[in-house]
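Accompanying notes for the structure given below.
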Amino acid sequence: MYHLNFAPKTFIEQYWQKKPLLIKNAFENFEDIITPDELAGLACEDSVSSRVVITKENDWQIIEGPFEDYDQFGDKNWQLLVQALNHWHPDSAGFINAFRFLPDWRFDDLMVSFATPGGGVGAHIDNYDVFIIQGEGERHWTVGDKGLYAPKNNDPTTPLIEGFEPIIDVVLEKGDLLYIPPGFPHQGQTLTTAMSYSMGFRAPSQQELFSEIADNLIDNATGLKRFTSQSEPTQASQVSTQHQQHMMALIAEFAACPNSYQAVLGKMLSQNRFELDLCEPEEEYSAEELDDYICQGALLYRIGGLKLLQLEGDCTSRVFINGEAFEYPEDIEENITQLTQRLSFDNQQAALLFQCSATKELILTLLNRGYFYFGE
Ligand code: SIN
Ligand code: CO
(Lines give C-alpha, C1' and ligand atoms only; values in the text may rest on other atoms or scores of the structure.)
(Ligands and ions follow the chains in the order given, each with its own letter.)
Protein backbone atom coordinates (compact mmCIF):
# COMPACT_ATOMS: atom_id res chain seq x y z
CA MET A 1 0.00 0.00 0.00
CA TYR A 2 1.28 3.44 -0.88
CA HIS A 3 -0.19 6.08 1.35
CA LEU A 4 0.65 9.76 0.99
CA ASN A 5 1.40 11.57 4.23
CA PHE A 6 -0.29 14.85 3.35
CA ALA A 7 -3.76 16.32 2.95
CA PRO A 8 -4.61 16.52 -0.79
CA LYS A 9 -7.09 19.38 -0.28
CA THR A 10 -4.53 21.67 1.36
CA PHE A 11 -1.92 20.68 -1.20
CA ILE A 12 -4.23 21.57 -4.11
CA GLU A 13 -5.22 24.89 -2.55
CA GLN A 14 -1.72 26.01 -1.65
CA TYR A 15 0.79 24.37 -3.96
CA TRP A 16 -0.71 22.59 -6.99
CA GLN A 17 0.27 24.51 -10.15
CA LYS A 18 1.53 27.35 -7.93
CA LYS A 19 4.76 26.58 -6.12
CA PRO A 20 7.19 23.74 -5.45
CA LEU A 21 6.95 21.70 -2.29
CA LEU A 22 9.29 19.34 -0.51
CA ILE A 23 7.80 16.66 1.73
CA LYS A 24 10.28 14.57 3.64
CA ASN A 25 9.00 11.08 4.29
CA ALA A 26 5.85 11.60 2.21
CA PHE A 27 5.56 7.82 1.93
CA GLU A 28 6.38 6.00 5.16
CA ASN A 29 8.27 2.72 4.70
CA PHE A 30 8.44 3.32 0.95
CA GLU A 31 9.29 0.21 -1.07
CA ASP A 32 10.69 0.46 -4.59
CA ILE A 33 8.09 -0.46 -7.19
CA ILE A 34 10.57 -2.26 -9.40
CA THR A 35 14.14 -3.52 -9.01
CA PRO A 36 16.98 -2.08 -11.14
CA ASP A 37 17.32 -5.47 -12.88
CA GLU A 38 13.64 -5.61 -13.78
CA LEU A 39 13.83 -2.03 -15.04
CA ALA A 40 16.91 -2.80 -17.15
CA GLY A 41 14.98 -5.78 -18.58
CA LEU A 42 11.98 -3.63 -19.48
CA ALA A 43 14.22 -1.17 -21.29
CA CYS A 44 15.30 -4.04 -23.59
CA GLU A 45 11.80 -4.15 -25.10
CA ASP A 46 10.93 -2.34 -28.32
CA SER A 47 7.53 -1.17 -27.16
CA VAL A 48 8.89 0.45 -23.99
CA SER A 49 10.08 4.04 -24.30
CA SER A 50 13.50 4.35 -22.64
CA ARG A 51 16.69 6.36 -22.83
CA VAL A 52 20.09 6.60 -21.22
CA VAL A 53 21.39 10.04 -20.36
CA ILE A 54 25.15 10.36 -20.00
CA THR A 55 26.33 13.37 -18.03
CA LYS A 56 29.27 15.17 -19.59
CA GLU A 57 31.39 18.06 -18.35
CA ASN A 58 29.35 20.81 -19.99
CA ASP A 59 26.78 18.83 -21.88
CA TRP A 60 24.82 15.59 -21.94
CA GLN A 61 24.28 12.78 -24.38
CA ILE A 62 21.05 10.91 -24.92
CA ILE A 63 20.92 7.36 -26.24
CA GLU A 64 17.44 6.11 -27.08
CA GLY A 65 16.48 2.53 -26.07
CA PRO A 66 15.90 -0.36 -26.40
CA PHE A 67 19.15 -1.50 -24.79
CA GLU A 68 20.89 -4.83 -24.98
CA ASP A 69 23.48 -4.31 -22.30
CA TYR A 70 24.61 -1.60 -19.96
CA ASP A 71 28.29 -2.51 -19.45
CA GLN A 72 29.35 0.16 -21.97
CA PHE A 73 28.06 2.89 -19.62
CA GLY A 74 30.37 2.03 -16.71
CA ASP A 75 29.42 2.62 -13.08
CA LYS A 76 28.99 6.37 -12.86
CA ASN A 77 27.68 9.51 -14.62
CA TRP A 78 24.70 7.95 -16.37
CA GLN A 79 21.02 7.45 -15.83
CA LEU A 80 18.43 5.11 -17.37
CA LEU A 81 14.95 6.64 -17.77
CA VAL A 82 11.94 4.48 -18.57
CA GLN A 83 8.61 6.10 -19.43
CA ALA A 84 5.12 4.79 -18.64
CA LEU A 85 6.18 2.12 -16.17
CA ASN A 86 2.51 1.97 -15.15
CA HIS A 87 1.67 0.51 -18.58
CA TRP A 88 4.10 -2.36 -18.33
CA HIS A 89 4.34 -3.15 -14.64
CA PRO A 90 0.98 -3.93 -12.98
CA ASP A 91 2.57 -3.60 -9.51
CA SER A 92 2.58 0.19 -10.08
CA ALA A 93 -1.23 0.36 -9.67
CA GLY A 94 -1.14 0.98 -5.88
CA PHE A 95 1.36 3.82 -6.32
CA ILE A 96 -0.72 5.39 -9.10
CA ASN A 97 -3.81 5.19 -6.89
CA ALA A 98 -2.09 7.32 -4.24
CA PHE A 99 -2.12 10.21 -6.74
CA ARG A 100 -5.70 9.85 -7.87
CA PHE A 101 -6.67 12.83 -5.73
CA LEU A 102 -5.87 14.56 -9.05
CA PRO A 103 -8.04 13.86 -12.10
CA ASP A 104 -7.10 10.94 -14.34
CA TRP A 105 -7.20 13.12 -17.45
CA ARG A 106 -4.22 15.12 -16.17
CA PHE A 107 -2.06 12.11 -15.47
CA ASP A 108 0.59 11.51 -18.10
CA ASP A 109 2.80 8.68 -16.93
CA LEU A 110 5.03 7.23 -14.26
CA MET A 111 8.64 7.59 -15.32
CA VAL A 112 11.32 5.64 -13.47
CA SER A 113 14.96 6.51 -13.26
CA PHE A 114 17.89 4.31 -12.33
CA ALA A 115 20.83 6.63 -11.78
CA THR A 116 24.49 5.97 -11.04
CA PRO A 117 26.55 8.47 -8.97
CA GLY A 118 27.06 11.66 -10.96
CA GLY A 119 24.09 10.84 -13.23
CA GLY A 120 21.47 13.50 -13.92
CA VAL A 121 19.84 15.32 -16.78
CA GLY A 122 21.15 18.82 -15.95
CA ALA A 123 19.26 22.02 -15.08
CA HIS A 124 16.04 22.33 -17.09
CA ILE A 125 12.44 23.51 -17.05
CA ASP A 126 9.46 21.25 -17.75
CA ASN A 127 6.06 22.32 -18.98
CA TYR A 128 4.26 19.76 -16.86
CA ASP A 129 3.70 19.14 -13.14
CA VAL A 130 5.88 16.47 -11.65
CA PHE A 131 6.10 14.68 -8.32
CA ILE A 132 9.54 13.18 -7.82
CA ILE A 133 9.61 10.39 -5.27
CA GLN A 134 12.89 8.98 -4.09
CA GLY A 135 13.32 5.21 -3.83
CA GLU A 136 16.58 3.49 -2.94
CA GLY A 137 19.67 5.77 -2.83
CA GLU A 138 20.13 9.52 -2.52
CA ARG A 139 19.89 12.39 -4.99
CA HIS A 140 20.63 16.06 -4.49
CA TRP A 141 17.88 18.30 -5.90
CA THR A 142 17.75 22.02 -6.40
CA VAL A 143 14.68 23.96 -7.55
CA GLY A 144 14.73 27.63 -8.59
CA ASP A 145 12.02 30.26 -8.91
CA LYS A 146 9.90 30.73 -12.01
CA GLY A 147 11.47 33.09 -14.51
CA LEU A 148 13.32 33.52 -17.75
CA TYR A 149 16.56 31.57 -17.94
CA ALA A 150 19.22 31.57 -20.62
CA PRO A 151 19.75 28.36 -22.61
CA LYS A 152 22.91 26.49 -21.70
CA ASN A 153 25.98 27.62 -23.67
CA ASN A 154 23.69 30.05 -25.52
CA ASP A 155 22.50 27.13 -27.60
CA PRO A 156 18.89 27.78 -28.70
CA THR A 157 18.33 24.06 -29.42
CA THR A 158 19.25 22.74 -25.97
CA PRO A 159 16.54 21.94 -23.41
CA LEU A 160 19.11 22.75 -20.70
CA ILE A 161 19.46 26.12 -19.01
CA GLU A 162 22.30 27.96 -17.31
CA GLY A 163 22.34 27.88 -13.50
CA PHE A 164 19.63 29.22 -11.21
CA GLU A 165 19.40 30.42 -7.60
CA PRO A 166 17.87 27.56 -5.56
CA ILE A 167 14.76 28.14 -3.47
CA ILE A 168 14.85 24.44 -2.52
CA ASP A 169 18.13 22.64 -1.98
CA VAL A 170 17.75 19.15 -0.57
CA VAL A 171 19.06 15.61 -0.55
CA LEU A 172 16.11 13.32 -1.26
CA GLU A 173 16.05 10.06 0.62
CA LYS A 174 13.78 7.04 0.42
CA GLY A 175 10.10 8.04 0.64
CA ASP A 176 10.73 11.80 0.19
CA LEU A 177 8.71 13.72 -2.37
CA LEU A 178 9.44 16.86 -4.33
CA TYR A 179 6.61 18.54 -6.21
CA ILE A 180 7.61 20.84 -9.09
CA PRO A 181 4.97 22.80 -11.03
CA PRO A 182 5.49 23.79 -14.69
CA GLY A 183 8.03 26.55 -15.29
CA PHE A 184 10.24 26.08 -12.20
CA PRO A 185 13.87 25.23 -13.07
CA HIS A 186 15.27 22.16 -11.38
CA GLN A 187 18.16 19.77 -11.38
CA GLY A 188 18.79 16.38 -9.81
CA GLN A 189 22.28 15.05 -9.16
CA THR A 190 22.86 11.51 -8.05
CA LEU A 191 24.91 10.96 -4.90
CA THR A 192 24.56 7.19 -4.52
CA THR A 193 23.07 4.67 -6.97
CA ALA A 194 19.42 5.61 -6.91
CA MET A 195 15.94 4.74 -8.08
CA SER A 196 13.47 7.60 -8.43
CA TYR A 197 9.95 7.93 -9.70
CA SER A 198 8.46 10.89 -11.59
CA MET A 199 4.68 11.13 -11.62
CA GLY A 200 3.99 13.45 -14.53
CA PHE A 201 0.80 15.44 -15.05
CA ARG A 202 0.07 17.28 -18.27
CA ALA A 203 -2.59 19.59 -19.63
CA PRO A 204 -3.40 20.43 -23.26
CA SER A 205 -1.98 23.54 -24.93
CA GLN A 206 -3.94 25.85 -27.24
CA GLN A 207 -2.08 24.24 -30.12
CA GLU A 208 -3.18 20.75 -29.11
CA LEU A 209 -6.78 21.85 -28.51
CA PHE A 210 -7.04 23.65 -31.84
CA SER A 211 -5.51 20.74 -33.68
CA GLU A 212 -7.94 18.20 -32.08
CA ILE A 213 -10.91 20.45 -32.82
CA ALA A 214 -9.81 20.96 -36.42
CA ASP A 215 -9.33 17.19 -36.96
CA ASN A 216 -12.75 16.55 -35.50
CA LEU A 217 -14.44 19.16 -37.69
CA ILE A 218 -12.81 17.71 -40.81
CA ASP A 219 -13.63 14.09 -39.87
CA ASN A 220 -17.28 14.96 -39.25
CA ALA A 221 -17.62 17.52 -42.04
CA THR A 222 -18.94 20.06 -39.53
CA GLY A 223 -17.99 23.63 -38.66
CA LEU A 224 -18.92 24.74 -42.17
CA LYS A 225 -20.60 27.99 -41.12
CA ARG A 226 -18.98 30.85 -42.99
CA PHE A 227 -18.25 34.44 -42.13
CA THR A 228 -20.83 36.94 -43.42
CA SER A 229 -20.92 40.73 -43.02
CA GLN A 230 -23.36 43.61 -43.16
CA SER A 231 -20.81 46.32 -43.97
CA GLU A 232 -17.40 46.55 -45.68
CA PRO A 233 -14.32 48.74 -45.04
CA THR A 234 -13.73 51.71 -47.28
CA GLN A 235 -10.13 50.68 -48.07
CA ALA A 236 -9.95 47.66 -50.34
CA SER A 237 -6.65 46.51 -48.84
CA GLN A 238 -7.93 46.53 -45.26
CA VAL A 239 -9.35 43.76 -43.08
CA SER A 240 -11.43 45.78 -40.65
CA THR A 241 -11.28 45.31 -36.89
CA GLN A 242 -14.95 44.37 -36.98
CA HIS A 243 -14.32 41.65 -39.57
CA GLN A 244 -11.40 40.31 -37.57
CA GLN A 245 -13.56 40.16 -34.45
CA HIS A 246 -16.46 38.52 -36.24
CA MET A 247 -14.19 35.82 -37.65
CA MET A 248 -12.85 35.05 -34.20
CA ALA A 249 -16.46 35.05 -32.94
CA LEU A 250 -17.10 32.08 -35.23
CA ILE A 251 -14.56 30.15 -33.15
CA ALA A 252 -16.02 31.44 -29.88
CA GLU A 253 -19.49 30.39 -31.04
CA PHE A 254 -18.23 26.86 -31.61
CA ALA A 255 -16.37 26.86 -28.30
CA ALA A 256 -19.48 27.95 -26.40
CA CYS A 257 -21.55 24.95 -27.49
CA PRO A 258 -21.02 21.83 -25.31
CA ASN A 259 -22.55 19.67 -28.02
CA SER A 260 -19.68 20.49 -30.33
CA TYR A 261 -16.72 20.34 -27.95
CA GLN A 262 -17.61 17.65 -25.39
CA ALA A 263 -16.88 14.70 -27.68
CA VAL A 264 -13.61 16.31 -28.79
CA LEU A 265 -12.46 16.82 -25.21
CA GLY A 266 -13.56 13.37 -24.07
CA LYS A 267 -11.73 11.67 -26.92
CA MET A 268 -8.63 13.81 -26.62
CA LEU A 269 -8.23 13.62 -22.86
CA SER A 270 -8.81 9.86 -22.66
CA GLN A 271 -5.91 9.15 -25.00
CA ASN A 272 -2.45 8.22 -23.94
CA ARG A 273 0.87 9.57 -25.16
CA PHE A 274 2.57 6.23 -24.55
CA GLU A 275 1.79 2.84 -26.02
CA LEU A 276 -0.65 0.75 -24.00
CA ASP A 277 0.10 -2.87 -23.20
CA LEU A 278 -3.14 -4.23 -24.68
CA CYS A 279 -4.21 -7.60 -23.36
CA GLU A 280 -6.30 -8.85 -26.28
CA PRO A 281 -7.49 -12.46 -25.89
CA GLU A 282 -6.34 -14.90 -28.59
CA GLU A 283 -9.98 -15.60 -29.34
CA GLU A 284 -12.78 -13.20 -28.52
CA TYR A 285 -14.66 -13.92 -25.31
CA SER A 286 -18.35 -14.73 -25.49
CA ALA A 287 -20.85 -13.55 -22.83
CA GLU A 288 -21.13 -17.14 -21.48
CA GLU A 289 -17.38 -17.38 -21.04
CA LEU A 290 -17.46 -14.32 -18.81
CA ASP A 291 -19.80 -16.17 -16.44
CA ASP A 292 -17.41 -19.14 -16.39
CA TYR A 293 -14.50 -16.88 -15.42
CA ILE A 294 -16.53 -15.35 -12.60
CA CYS A 295 -17.64 -18.80 -11.35
CA GLN A 296 -13.99 -19.84 -11.27
CA GLY A 297 -13.21 -16.88 -9.00
CA ALA A 298 -11.48 -14.59 -11.53
CA LEU A 299 -10.66 -10.97 -10.76
CA LEU A 300 -11.08 -8.19 -13.28
CA TYR A 301 -8.29 -5.68 -14.03
CA ARG A 302 -7.99 -2.53 -16.10
CA ILE A 303 -4.72 -2.42 -18.06
CA GLY A 304 -2.17 0.10 -16.78
CA GLY A 305 -2.51 3.63 -18.13
CA LEU A 306 -6.00 3.18 -19.64
CA LYS A 307 -8.19 6.21 -18.99
CA LEU A 308 -11.94 5.93 -18.49
CA LEU A 309 -13.37 9.42 -18.41
CA GLN A 310 -16.76 11.04 -18.10
CA LEU A 311 -17.60 14.69 -18.69
CA GLU A 312 -19.66 16.46 -16.07
CA GLY A 313 -22.91 17.62 -17.70
CA ASP A 314 -22.28 15.54 -20.81
CA CYS A 315 -25.14 15.74 -23.34
CA THR A 316 -25.01 11.95 -23.86
CA SER A 317 -24.61 9.02 -21.43
CA ARG A 318 -21.17 7.86 -22.48
CA VAL A 319 -17.75 7.01 -21.19
CA PHE A 320 -14.60 7.93 -23.10
CA ILE A 321 -11.96 5.25 -23.29
CA ASN A 322 -8.69 5.56 -25.16
CA GLY A 323 -10.01 8.16 -27.59
CA GLU A 324 -13.40 6.56 -28.21
CA ALA A 325 -16.92 7.21 -26.86
CA PHE A 326 -18.90 4.24 -25.52
CA GLU A 327 -22.58 5.05 -25.03
CA TYR A 328 -24.64 3.26 -22.37
CA PRO A 329 -28.24 3.26 -21.10
CA GLU A 330 -28.81 5.85 -18.36
CA ASP A 331 -29.95 3.28 -15.79
CA ILE A 332 -26.48 1.72 -15.51
CA GLU A 333 -24.85 5.00 -14.45
CA GLU A 334 -23.88 3.60 -11.04
CA ASN A 335 -22.05 0.64 -12.59
CA ILE A 336 -20.25 2.96 -14.99
CA THR A 337 -19.12 5.07 -12.05
CA GLN A 338 -17.68 1.91 -10.46
CA LEU A 339 -15.97 1.01 -13.70
CA THR A 340 -14.39 4.45 -14.08
CA GLN A 341 -13.25 4.73 -10.48
CA ARG A 342 -11.66 1.36 -9.77
CA LEU A 343 -8.54 -0.01 -11.38
CA SER A 344 -9.41 -3.59 -10.36
CA PHE A 345 -12.40 -5.59 -9.15
CA ASP A 346 -12.39 -8.55 -6.83
CA ASN A 347 -14.49 -11.55 -7.83
CA GLN A 348 -17.57 -10.38 -5.95
CA GLN A 349 -17.43 -6.85 -7.37
CA ALA A 350 -17.00 -8.22 -10.90
CA ALA A 351 -19.89 -10.68 -10.37
CA LEU A 352 -22.13 -7.79 -9.30
CA LEU A 353 -21.30 -5.81 -12.43
CA PHE A 354 -21.96 -8.84 -14.62
CA GLN A 355 -25.46 -9.20 -13.16
CA CYS A 356 -26.52 -6.25 -15.31
CA SER A 357 -26.64 -7.27 -18.97
CA ALA A 358 -25.83 -3.80 -20.41
CA THR A 359 -22.81 -3.47 -18.10
CA LYS A 360 -21.70 -6.99 -18.96
CA GLU A 361 -21.95 -6.21 -22.65
CA LEU A 362 -19.75 -3.14 -22.28
CA ILE A 363 -17.16 -5.07 -20.22
CA LEU A 364 -17.23 -7.84 -22.83
CA THR A 365 -16.32 -5.29 -25.49
CA LEU A 366 -13.56 -3.87 -23.28
CA LEU A 367 -12.15 -7.34 -22.57
CA ASN A 368 -12.13 -8.18 -26.27
CA ARG A 369 -10.36 -4.89 -27.02
CA GLY A 370 -7.68 -5.85 -24.51
CA TYR A 371 -8.53 -2.93 -22.23
CA PHE A 372 -9.47 -5.19 -19.32
CA TYR A 373 -8.24 -8.65 -18.42
CA PHE A 374 -9.04 -11.46 -16.04
CA GLY A 375 -6.54 -12.36 -13.35
CA GLU A 376 -6.25 -14.27 -10.11
C1 SIN B 1 15.41 12.92 -13.29
O2 SIN B 1 14.95 12.01 -12.59
O3 SIN B 1 16.57 13.32 -13.16
C4 SIN B 1 14.55 13.57 -14.31
C5 SIN B 1 13.29 14.05 -13.76
C6 SIN B 1 13.02 15.50 -14.11
O7 SIN B 1 13.85 16.33 -13.90
O8 SIN B 1 11.92 15.81 -14.57
CO1 CO C 1 12.41 17.76 -15.04
Report task. Only one of these is surrounded by 16 or more Cβ atoms within 10 Å (Cβ to Cβ), of a type outside the set (S, T, N, Q) and out of contact with any Ser or Thr (no Cβ under 9 Å at 6 or more places or on another chain): W16, W88. Name it. Result -> W16
Query raised in the report: So, in region 162-187, of the ones that are within 19 Å of R202 (Cβ to Cβ) and buried (at least 19 other Cβ atoms within 10 Å of the Cβ), which residue ends up nearest to ligand 1 (Cβ to nearest atom)?
Result: H186
Query raised in the report: How do the pairs read when you match residues in region 107-135 that are in the same structural domain as I180 (by TED's automatic domain parsing) and aromatic (F, W, Y) with residues anywhere that are open to solvent by 30 Å² or more (accessible area, probe 1.4 Å) and more than 10 Å from ligand 1 (Cβ to nearest atom), using Cβ under 6 Å and keeping only pairs 6 or more apart or on different chains?
Result: F114/P36; Y128/P182; Y128/R202
Query raised in the report: Out of all the residues in region 80-88, is one or more within 16 Å of ligand 2 (Cβ to nearest atom), farther than 26 Å from I12 by Cβ, more than 25 Å from the chain's Cα centre (by Cα) and not small (G, A, S)?
Result: no
Query raised in the report: Quick one: is E45 in the same structural domain as K146 (by TED's automatic domain parsing), without any contact (Cβ under 8 Å) to a residue 12 or more places away in the chain and away from ligand 1 (no atom under 16 Å from the Cβ)?
Result: no
Report task. Would you mind finding the one in L4, L42 that is modelled with pLDDT under 95 and open to solvent by less than 40 Å² (accessible area, probe 1.4 Å)? Result -> L4
Report task. Assess whether S237 counts as being outside any helix (DSSP H, G or I), loosely packed, with under 10 Cβ neighbours inside 10 Å and over 26 Å from the mean Cα position of the chain (by Cα). Result -> yes
Report task. Check V53, V48, V82 and return the single one that is of a type in the set (V, I, T), more than 22 Å from Y301 (Cβ to Cβ) and open to solvent by less than 50 Å² (accessible area, probe 1.4 Å). Result -> V53
Report task. Quick one: which residue in D314, D277 is within 29 Å of L110 (Cβ to Cβ), open to solvent by less than 50 Å² (accessible area, probe 1.4 Å) and among the acidic types (D, E)? Result -> D314
Report task. For region 259-355, please list each of the helices (runs of 4 or more DSSP H) lying entirely inside it that holds at least 1 residues being farther than 30 Å from S49 by Cα and aromatic (F, W, Y). Result -> 287-295, 347-354
Query raised in the report: From the set of residues in region 333-346 that are surrounded by 20 or more Cβ atoms within 10 Å (Cβ to Cβ) and out of contact with any Leu (no Cβ under 6 Å at 6 or more places or on another chain), which is nearest to A98 (Cα to Cα)?
Result: L339
**Report entry** So K18, is it in a loop (DSSP other than H, G, I, E, B), modelled with pLDDT of 95 or more and among the charged types (D, E, K, R)
**Finding:** yes
Requested in this report: For region 188-208, enumerate the residues that are away from ligand 1 (no atom under 13 Å from the Cβ) and either surrounded by 18 or more Cβ atoms within 10 Å (Cβ to Cβ) or more than 17 Å from V170 (Cα to Cα) (or both).
Outcome: A203, P204, S205, Q206, Q207, E208
Report task. State the number of residues belonging to region 116-150 that are touching a Lys or Arg at 6+ places or on another chain (Cβ under 7 Å), within 16 Å of ligand 2 (Cβ to nearest atom) and open to solvent by 30 Å² or more (accessible area, probe 1.4 Å). Result -> 1
Query raised in the report: Looking at (1) more than 30 Å from C315 (Cα to Cα); (2) within 16 Å of ligand 2 (Cβ to nearest atom); (3) under 21 Å from the mean Cα position of the chain (by Cα), can you tell me which one F201 breaks?
Result: (1)
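The values are calculated or read from the model by the stated rules, or taken from the named source; none is laboratory data. From a predicted model like this one, the values you see are computed outputs, not experimental measurements. Counting neighbours? That spans all protein chains shown, and the Cβs are built from the backbone with ideal geometry, glycine included. SASA here: full protein model, heavy atoms, side chains in, ligands and nucleic acids out. Shrake-Rupley method; radii C 1.70, N 1.55, O 1.52, S 1.80 Å.
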